[in-house]
Amino acid sequence: MSKKIVAFGEVVWDIFPNGKILGGTPSNLVYRCNSFNEQGFLLSRIGDDNLGYAALLKLKELGISDENVQIDTEFATGTVNITFDENQEPRFHVTPDVAFDHIEFTAEALKLVRNADCLFYGLLPQRFGLSKNTLRELIKESPDSLHFFDLKLFEHFFNVQVVENLLGFSNIVRIKEKEIGFLNKELGLEAGDITDFCSKMIKKYKVDLILITRGQNGVFAMHKRKGVYTDGGYKIEMVDNVGSGMAFSAGFLHYYLNGKSIQQALNFGNAAGALNTTRQGGTSFFDKKDVLAFMKSTPRNNS
């Protein structure tokens with residue numbers, strides 16, 4: 001039986017140098033969860049504007065339900081201008097105070113999360129009061145759901161109080177390795193290596209499981225009782241990294257929510273994330289069979 005995964009947050013148009021692609025961490029996650037035959041639900045808000053209605057059409061094309069996508073008559077649909085640095089790492093320039101910052105707490109949203117196996121959320125929709133307060137209420141009202149915090153950092157927004165509050169409510173946290181140094185300092189952990197960082201995070205915030213994505217070096221995880229897990233990187237020709245973290249997270253959840261071990265979930269998620277980087281954007285289609293074939297046929301890095 002498929003699992004219900006609710007992703008709360010932004011729907012945005014990712015504006016690349018060569019065109020625009022519908023994006024946003026939650027919609028990318030829902031798309032990937034659906035491709036692995038789970039039931040992904042998007043809880044978001046768009047503007048009553050041309051980009052908003054283009055987003056609705058694109059969601060339909062991607063097979064993502066818009067039933068829980070609210071329409072805002074005051075604030076515009078979100079946009080993110082994406083550029084790439086010399087290492088082909090994306091840089092995100094997010095337009096402030098847009099529709100997804102004003103997601104309302106509704107009876108429909110409450111029913112959705114109360115019936116969810118997993119509630120997924122990130123940091124970006126916590127910039128302003130309304131979406132921030134809505135998410136806090138939804139977390140409190142879904143005690144039986146797995147709470148998954150994608151702690152991806154964005155330029156121009158980091159609030160220690162907001163981050164610590166979300167960490168205190170979260171069962172699983174996903175972090176990029178390159179952002180550990182910043183988080184270590186801002187959260188006052190004074191950790192040494194990656195193992196020490198995870199250990200101190202778990203102890204301070206009572207998190208069950210921390211997942212660290214390490215780019216070409218694979219993934220690292222630490223569970224509060226079961227300890228450390230790792231899976232190495234793959235030798236691939238990278239197109240871009242957009243959506244690779246969500247492919248990893250969706251792959252991990254697909255195995256984890258269905259009773260597989262942490263190691264099995266980590267292996268599958270790692271492969272899904274790596275496969276995603278060989279495609280453009282976060283919504284190029286592949287399914288479970290493609291990921292399993294990739295795992296069998298793709299050589300590993302030595303690291």
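Odds and ends about this structure:
- Residue in the range 178-193 that is in contact (Cβ under 8 Å) with a residue 40 or more places away in the chain, buried (at least 16 other Cβ atoms within 10 Å of the Cβ) and not β-branched (V, I, T) present: no
To keep it simple, each residue is scored yes or no on (1) at pLDDT 95 or above; (2) in contact with a Ser or Thr (Cβ under 9 Å, 6 or more places away or on another chain).
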site	(1), (2)
G129	no, no
K140	yes, no
D144	yes, no
H147	yes, yes
D150	yes, yes
E155	no, no
S170	yes, no
K176	yes, yes
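- Residue in the range 16-74 that is surrounded by the most Cβ atoms within 10 Å (Cβ to Cβ), counting only those that are more than 16 Å from the chain's Cα centre (by Cα), closer than 26 Å to P90 by Cα and among the charged types (D, E, K, R): R45
- Listed here are the strands (runs of 3 or more DSSP E) enclosed by the range 124-237 that have at least 2 residues being under 20 Å from the mean Cα position of the chain (by Cα), among the aliphatic types (A, V, I, L, M) and more than 29 Å from S297 (Cα to Cα): 172-176.
- Members of the range 1-38 that are more than 21 Å from N258 (Cα to Cα), touching a Lys or Arg at 6+ places or on another chain (Cβ under 6 Å) and not aliphatic (A, V, I, L, M): W13
- Conditions (1) on the phi > 0 side of the Ramachandran plot; (2) touching a residue at least 40 places away in the same chain (Cβ under 8 Å); number of the one not met by D14: (1)
- Test: residue in the range 267-280 that is among the hydrophobic types (A, V, I, L, M, F, W, C), at pLDDT 95 or above, surrounded by fewer than 21 Cβ atoms within 10 Å (Cβ to Cβ) and assigned to a helix (DSSP H, G or I): no
- When each of F248, F285 is tested for being of a type outside the set (S, T, N, Q), assigned to a loop (DSSP other than H, G, I, E, B) and either in contact (Cβ under 8 Å) with a residue 24 or more places away in the chain or loosely packed, with under 15 Cβ neighbours inside 10 Å (or both), the lone residue that passes is F285.
- Of all residues in the range 225-245, exactly one satisfies the criterion of being crowded, with 17+ Cβ neighbours inside 10 Å, within 23 Å of I82 (Cβ to Cβ) and acidic (D, E), namely D240.
- Number of residues in the range 213-245 that are of a type in the set (G, A, S) and free of Cβ contacts under 8 Å to residues at least 24 places away in the same chain: the value is 1.
- Filter result for F105 (in contact with a strand residue (DSSP E or B) (Cβ under 9 Å, 6 or more places away or on another chain) and among the hydrophobic types (A, V, I, L, M, F, W, C)): no
The values are calculated or read from the model by the stated rules, or taken from the named source; none is laboratory data. Being a predicted model, the structure only gives us computed values, none of them experimental. For neighbour counting, all protein chains shown are included, and Cβ atoms are generated from backbone atoms with ideal geometry for every residue, glycine included.
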